[in-house]
Structures are given as C-alpha cells and as structure tokens.
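Worksheet: the structure to be examined is printed underneath.
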Amino acid sequence: MREPGRPPVVGEHPDPAAGPDRTTVRVTAAPVVPLDLLCASGTSYFGRPAVPYVPGVQGVGVVEESGVLPAGTRVWFATSAGMAPGDGSLAERCAVPDADVVPLPDGVADPAVAALGLSAVAAWMSLTWRARLQSGETVLVLGAGGAVGQVAVGAARALGAGRVVALCRSDAAAERAARAGADEVVRTGGDVAALAGRLGAACGGAADVVVDPVFGEAATAASRVLAPAAGW
C-alpha cells in the first residue's frame with residue numbers, strides 16, 4: 001500500500017526480522033476484512049496509515065522463528081497493520097508480537113481458519129461470555145448472512161440452543177444462514193412493528209438471546225421480542 005485510498009500493488013518487500021519478543025511466521029492464508037479496507041482508505045479513526053505498508057490485520061501460517069513456539073507450529077496471528085507503523089499478513093512472511101500468536105489444532109484448513117478469524121471469536125464470545133447461552137434457549141441472530149452472523153448461527157446450534165432464528169436482507173444471505181443451521185430465516189423489510197411481529201412469530205413468542213452486529217431498525221425490532229432477562 002503506497003498511497004491511502006488507492007489500490008495496493010504487488011511488489012518486492014524486505015523480509016521481516018524476528019527481533020526480541022517477536023515471532024516470524026510464513027503466511028499460508030490471510031483474509032481481507034473491513035478493518036483492512038478502512039485503514040487502507042485513509043479515513044480510519046486510527047488516522048492515515050504510515051506508507052508504504054503491507055495490509056492485513058490477521059492471518060494463518062507456520063512459525064519460522066520464535067522465542068515462545070517451536071519452528072513449524074501452525075498458528076493464527078494478529079497484526080496492527082494500518083493502525084500503527086508496520087506490516088501485515090498479506091505478504092509471504094510476517095513478524096508479530098509473541099502475544100499475538102495462537103497455536104492451532106489440526107482438523108481445519110488454513111483458509112477456513114483465516115476466514116473465521118476474529119469474526120468467529122466475536123460470535124462465540126457474544127453467545128458464551130456476554131449472553132451466557134443456556135441449552136434450549138431461543139437465539140435470534142441479526143445480519144445472519146455475514147461472517148459474524150453465520151458463525152453465531154452455527155455456534156448457537158453447537159452450544160445447544162433450542163431454536164435459532166436468522167434475520168437476513170438478501171437471498172444469498174438467507175441461503176448462507178440456512179446452511180449454517182438456522183431453523184427459520186426472516187427477511188428484513190417493512191416498518192419496525194411489522195418486522196418485530198415476524199421475528200416474534202419465528203421465535204415462538206420471544207428471544208432469549210439476540211446477537212446484533214448490525215444495529216438500526218433490525219435491532220429496534222429485535223428489542224421488542226426480547227424475553228425477560230434476555231441476553232444481548
């Protein structure tokens with residue numbers, strides 16, 4: 001990235017040095033997330049990025065050099081690229097603080113882990129740490145066709161939710177939410193009262209937990225179908 005607001009270019013870049021308290025990773029997969037686009041636009045609340053820099057705030061790879069993990073360890077990692085001076089995950093190699101490297105178990109392909117990333121953490125923590133989802137409860141997921149929403153639907157199912165309702169805007173999003181495991185998909189549209197009515201009917205009267213990554217009218221409608229002592 002040579003100029004904020006302009007497309008990045010492919011080119012040669014110096015290999016990063018590990019240094020004290022830093023781990024060097026050979027990158028195998030990296031997503032482009034909204035934060036990458038915001039930083040690269042030059043309009044981020046972090047300020048204009050110092051250029052040139054390699055974008056990419058998270059990724060997956062294999063440890064090459066580290067003071068805390070053996071070489072060859074498969075890891076997920078985070079970077080501050082675009083938020084602070086330094087380079088990110090959209091390169092062959094990346095050097096990150098030791099604290100920002102997480103060893104990964106086998107069983108999930110690198111591109112899948114990269115695609116899940118912090119979106120999956122956000123969904124999981126919303127259901128477990130924040131809402132304290134209990135087995136059998138009804139979960140309503142807003143924006144269920146997005147990355148956070150799809151994980152929230154699948155995680156709610158894995159955590160024992162009795163019913164999972166998804167709210168989506170487009171046909172494609174509704175398809176993704178259904179594949180993730182939603183019992184019923186409600187489409188956005190109409191006024192808040194009408195939408196609240198459709199959500200209440202789909203939830204069987206009320207929602208015990210609402211996962212809301214979208215806010216706005218959808219959140220207003222969802223707030224009207226909350227059960228007493230519900231989690232948001």
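The values are calculated or read from the model by the stated rules, or taken from the named source; none is laboratory data. Treat the numbers as computed from the prediction; the structure is a model and nothing was measured. Backbone-built Cβ (ideal geometry, glycine too); neighbour counts: all protein chains shown. In case anyone asks, the SASA skips ligands and DNA or RNA and just uses the protein heavy atoms, side chains included. Shrake-Rupley method; radii C 1.70, N 1.55, O 1.52, S 1.80 Å.
A few comments on the model shown:
- Checking each residue in the range 72-104 for being under 19 Å from the mean Cα position of the chain (by Cα), over 16 Å from PRO16 (Cα atoms) and part of a loop (DSSP other than H, G, I, E, B) picks out GLY82, MET83, LEU104.
- Taken over the range 59-105, the criterion of being among the small types (Gly, Ala, Ser) and over 28 Å from ARG2 (Cβ atoms) is satisfied by SER66, GLY67, ALA71, GLY72, ALA99.
- Lone qualifier among VAL62, VAL57, VAL113 - being in contact with a Cys (Cβ under 9 Å, 6 or more places away or on another chain) and closer than 16 Å to ALA29 by Cβ: VAL57
- Residue that is under 22 Å from LEU118 (Cα atoms) and out of contact with any Cys (no Cβ under 8 Å at 6 or more places or on another chain), where the choices are ARG224, ARG157: ARG157
- Looking only at the range 160-179, residues that are surrounded by fewer than 22 Cβ atoms within 10 Å (Cβ to Cβ), in contact with a Ser or Thr (Cβ under 7 Å, 6 or more places away or on another chain) and either within 17 Å of LEU226 (Cα to Cα) or among the aliphatic types (A, V, I, L, M) (or both) come to 2 in all.
- Some residue of the range 180-194 being open to solvent by less than 40 Å² (accessible area, probe 1.4 Å), part of a helix (DSSP H, G or I) and out of contact with any helix residue (DSSP H, G or I) (no Cβ under 6 Å at 6 or more places or on another chain): no
- Check on ALA123, touching a helix residue (DSSP H, G or I) at 6+ places or on another chain (Cβ under 8 Å), closer than 15 Å to VAL210 by Cβ and of a type in the set (Gly, Ala, Ser): yes
- Any hit, the range 15-29, residues being surrounded by fewer than 18 Cβ atoms within 10 Å (Cβ to Cβ), among the charged types (D, E, K, R) and farther than 16 Å from GLN58 by Cα: yes
- Taking the range 125-143 as the range and being surrounded by 20 or more Cβ atoms within 10 Å (Cβ to Cβ) and under 12 Å from the mean Cα position of the chain (by Cα) as the test, only SER126 passes.
- Restricting attention to the range 30-43 and to residues that are of a type outside the set (Val, Ile, Thr), on the phi < 0 side of the Ramachandran plot and assigned to a loop (DSSP other than H, G, I, E, B), the residue that is least open to solvent (accessible area, probe 1.4 Å) turns out to be PRO31.
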